[in-house]
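Below is one structure, written out as C-alpha cells, with a few remarks after it.
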Amino acid sequence: MGEDKRRGTLVLSSQTDSYQGHEKHYRLTRGVLAELVAVRYPGTVRILTKSPLVTRDIDLLTALSDAEVGLMVTTTDDKVSRWLESGRWTNTPSAPR
C-alpha cells in the first residue's frame, strides 16, 4: 500500500475503552500498538481512556510518528465537574518525546 493511502487516523477506544481490566492480562492494545510501531504506521493514533494502564504503553506511544492520548475523568462532585468543564486545566504540557 502506498504511503499516502496509509496516512489516516486510527482511533482506539472510540466506543469501548481499550484499557479495561482485561487489557492488563491479555495485552491486546499493547499488541496493536507494537504492530503499528513495527510497520512504522505514518498516520495518527488516538486513544481515549479512563485507565492509568495507558502509562504502561508510553514506550510504544512515543515510538509512533503521531500519537495522542485523551483521558476521561468522571466525578459526582459538582464543583470538580464545573472546574473540569471550564477548560482552565487545558494549559497542561504535552508529554516529552
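The values are calculated or read from the model by the stated rules, or taken from the named source; none is laboratory data. All values reported here derive from a predicted model rather than from experimental measurement. With ideal geometry, Cβ positions are generated from the backbone for all residues, glycine too; neighbour counts draw on all protein chains shown. The protein model used for the area step is the full one, side chains on, heavy atoms only, and it has no ligands, DNA or RNA in it. Shrake-Rupley method; radii C 1.70, N 1.55, O 1.52, S 1.80 Å.
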Scan the stretch 15-38 for residues that are open to solvent by 80 Å² or more (accessible area, probe 1.4 Å) and either touching a residue at least 12 places away in the same chain (Cβ under 8 Å) or in contact with a Gly (Cβ under 6 Å, 6 or more places away or on another chain) (or both) and report the count. 1
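Please verify whether the stretch 74-81 includes one or more residues that are part of a helix (DSSP H, G or I), at pLDDT below 95, more than 13 Å from the chain's Cα centre (by Cα) and of a type in the set (Ser, Thr, Tyr).
Scanning the stretch 74-81 turns up at least one residue that is part of a helix (DSSP H, G or I), at pLDDT below 95, more than 13 Å from the chain's Cα centre (by Cα) and of a type in the set (Ser, Thr, Tyr).
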Could you list all residues from the stretch 1-14 that are at pLDDT 90 or above, open to solvent by 70 Å² or more (accessible area, probe 1.4 Å) and over 19 Å from THR62 (Cβ atoms)? none
What is the residue count in the stretch 41-73 for residues that are of a type in the set (Lys, Arg) and modelled with pLDDT of 95 or more? 2
Please state which of the following conditions LEU36 fails to meet, knowing it meets all the rest: (1) at pLDDT 95 or above; (2) part of a strand (DSSP E or B). (2)
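If you go through the stretch 39-59, how many residues are in a helix (DSSP H, G or I), aliphatic (A, V, I, L, M) and open to solvent by 20 Å² or more (accessible area, probe 1.4 Å)? Even if it seems obvious, please write down each step before you answer.
Here is the first cut: in the stretch 39-59, the residues in a helix (DSSP H, G or I) are 52-59.
In the following step, the residues that additionally are aliphatic (A, V, I, L, M) were identified as 53-54, 58.
Applying the additional criterion that residues be open to solvent by 20 Å² or more (accessible area, probe 1.4 Å) yields 53, 58.
So the count comes out to 2.
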